[in-house]
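Heads up: the structure comes next, in structure tokens.
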Amino acid sequence: MSGKLFWFSVAVLLGIAVHISYVLFVPRIQMDAKMSEFTKLAGINHLMVVQPDKLESVLPDADPSLAHAICVFDLSAGPIVVKAMVPTAYWLISFYAPNGDGFYSLNNRQADVRNLNLMVVNKSNGTNGDSSPDALEGTDNQITVRSPSIRGLVVLRARIAAPAMLARVQADLAASNCVPAS
Amino acid sequence: MFGRVKLAITCLIGIAVGLISARYVAGGGFDLVTLSQGPWKTWTSAGLNTMDPYTKAHFLAAGRLVDNRREVVEYEARSDGAGSPLDTACSYSIAGRLDWARWWSISVSQNGVIAANTKARLASLHSGETIYEADGTAIIYLSSQPHTGNWLAMPSSGDVNLVLRFYDPAPVSRAHPNTMTLPQITRETCQ
């Protein structure tokens with residue numbers, strides 16, 4: 001093998017390795033960093049409303065038409081409950097695993113109630129293991145959500161119909177909470 | 001000595017090519033993981049259980065959470081309808097019917113950060129605060145200077161892109177996001 005071909009092959013192989021590493025590992029590393037940041041900001045099992053001037057640093061590229069609240073949950077001591085006050089305007093609750101995979105979401109029309117309790121349990125504790133659905137509908141205002149991981153993130157969003165309504169929408173979000181079930 | 005220099009240069013080239021190619025494909029280059037409709041791109045597996053690694057890299061490497069496809073269909077545009085990159089020295093009209101979801105929003109982003117974040121509300125507009133033409137068409141003006149009507153503020157410098165989100169979209173749009181009617185982006189004037 002000539003010298004030039006050798007160095008070219010080394011560059012190509014290194015390029016392929018870096019390409020694959022970037023695609024596979026950078027998102028995970030970034031999400032780990034974000035989860036640590038969320039934990040520092042909001043604590044564990046505690047809902048925090050994100051102020052508009054902090055939105056870009058907390059949730060990059062998040063839609064400023066929405067008010068946001070976050071809760072980092074930890075199921076190591078048992079299930080947690082998200083007690084959500086659901087407004088009549090657009091509202092969305094989303095659950096994410098630490099690797100950024102969303103595993104459950106629900107909007108206000110689908111919820112169709114004003115007060116909703118979402119019990120979050122670890123999927124591995126379910127009797128049916130991984131074949132269990134991500135959410136089991138209970139009563140009208142009680143849902144069990146199966147998390148694929150011990151820790152994760154809940155994001156609540158509500159539409160700000162007009163700038164003057166920001167405080168009210170944030171108060172609606174703050175009326176929800178995220179606490180240990182027991 | 002000469003061998004070490006060659007090794008260093010080779011490593012630099014390999015790392016640069018690997019990083020640039022990964023970011024290019026994840027960013028929608030070659031349309032490997034995206035679908036394009038005019039200037040608008042959507043990441044085809046975003047928000048699905050089958051989300052591919054490049055799409056994950058596009059969103060998560062920037063610290064962005066991906067919304068479930070049932071809830072949100074999202075498009076990004078970095079150029080106007082003629083293919084020219086969006087220029088902060090120019091003004092644009094963004095026109096079309098956007099009524100195929102429960103509601104929509106459009107925001108201006110700079111390198112993954114919503115522009116004018118100290119006045120975040122200026123950098124976005126949603127369906128509820130938009131004035132419509134008689135036929136239901138929305139005409140939005142994108143410019144760094146204030147504009148009458150539906151004004152979407154653009155920063156005065158830097159690269160910008162638009163993010164168009166449809167919330168609670170109709171099932172057909174979730175399944176075939178490239179078939180939906182998207183607004184035309186037309187360059188109006190430049191300074």
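The values are calculated or read from the model by the stated rules, or taken from the named source; none is laboratory data. Values in this document were obtained by computation on a predicted structure and should not be read as measured data. Neighbour counts are summed over all protein chains in view; Cβ atoms, including those assigned to glycine, are modelled from backbone coordinates with ideal geometry. Surface accessibility is based on the protein's heavy atoms, side chains included, excluding ligands, DNA and RNA. Shrake-Rupley method; radii C 1.70, N 1.55, O 1.52, S 1.80 Å.
Rounded to 0.05, the FRET efficiency of the B:D31 and A:F25 pair, given R0 = 25 Å and the Cβ-Cβ distance, is 0.55. Dipole of the protein assembly as shown (Lys/Arg Cβ +1, Asp/Glu Cβ -1, origin at the Cα centre): which of B:Y141, B:L60, B:S107 lies farthest to the positive side? My answer, from the dipole projection, is B:L60. Taking the Cα centre of the stretch A:41-180 as origin and assigning +1 to Lys and Arg Cβ atoms and -1 to Asp and Glu Cβ atoms, the resulting dipole is close to 260 debye.
The reciprocal of the average 1/r between distinct C-alpha atoms defines the Kirkwood hydrodynamic radius, which for the stretch B:121-186 equals 13.8 Å.
Under the √(5λ) rule applied to the eigenvalues of the Cα gyration tensor, what semi-axes describe the equivalent ellipsoid of the stretch A:41-180? Give them in Å, descending. Before the final figure, lay out the partial values.
Details: eigenvalues 126, 57, 30 Å².
Ellipsoid half-lengths, sorted descending, are 25, 17, 12 Å.
By the Cβ rule of 4.7 Å, chain B holds the following cysteines without a possible disulfide partner: B:C11. Taking the Cα centre of chain A as the origin and placing charges on Cβ (Lys, Arg +1; Asp, Glu -1), which of A:S149, A:I16, A:A77 is farthest toward the positive end of the dipole? Positive-end residue among those listed: A:I16. Averaging the sequence gap over all C-alpha pairs within less than 8 Å and six or more residues apart, then dividing by the number of residues, gives chain B a relative contact order of 26 percent. Angle of helix A:3-42 to the longest C-alpha principal axis of chain A, folded into 0 to 90 degrees and rounded to 10: 20°.
I need the fraction of alpha carbon pairs in the stretch B:31-190 separated by more than 27 Å, rounded to a whole percent. Mind showing how you got there, number by number?
Details: 2467 of 12720 pairs.
Percentage above 27 Å: 19.
Choose one of A:Y104, A:M119, A:L166: the residue whose Cα lies farthest towards the positive end of the charge dipole of chain A (beta-carbon charges +1 Lys, Arg; -1 Asp, Glu; about the Cα centre). My answer, from the dipole projection, is A:L166.
Comparing B:A16, B:A175, B:A46 in a Gaussian network model of chain B, where Cα atoms under 10 Å apart are tied by springs, the biggest mean-square fluctuation is seen for B:A16.
Taking every residue in A:157-166 and counting other chain Cβ atoms within 10 Å of its Cβ, the average works out to 3. How far apart, in nm, are two points set 7 Å out from the Cα along the Cα-to-Cβ line at B:S157 and at B:V172? That separation, rounded to one decimal, is 4.7 nm.
Evaluated on the protein assembly as shown, the Kirkwood hydrodynamic radius is 22.1 Å, with distances taken between all distinct Cα atoms.
Derived scalar couplings between HN and Hα for the stretch A:76-82 equal 5, 9, x, x, 10, 10, 9 Hz in order, rounded to whole Hz, by the Karplus curve 6.51 cos²θ - 1.76 cosθ + 1.60 (θ = phi - 60°), x for Gly and Pro.
Residues whose amide H falls under 5 Å from that of B:S79, counting only those 5 or more places apart or on a different chain, are B:L86, with hydrogens built in the peptide plane.
Mind checking how much accessible area A and B bury in total, 1.4 Å probe, in Å² rounded to 100?
Working: alone 10560 and 10840 Å², together 17270 Å².
The A and B chains share an interface burying roughly 4100 Å².
With the contact rule set at Cα under 8 Å and sequence spacing of 6 or more, what percent relative contact order holds for the stretch A:41-180?
Values: 304 pairs, mean separation 48.6, N = 140.
Relative contact order comes out at 35 percent.
On the protein heavy atoms, probe 1.4 angstrom, tell me the percent of accessible surface of the stretch A:41-180 carried by carbon and sulfur. Roughly 52 percent, rounded to a whole number. Using θ = phi - 60° in the Karplus curve 6.51 cos²θ - 1.76 cosθ + 1.60, the 3J(HN,Hα) couplings for the stretch A:55-63 round to 4, 5, 7, 7, 10, x, 6, 5, 6 Hz; x is entered for Gly and Pro.
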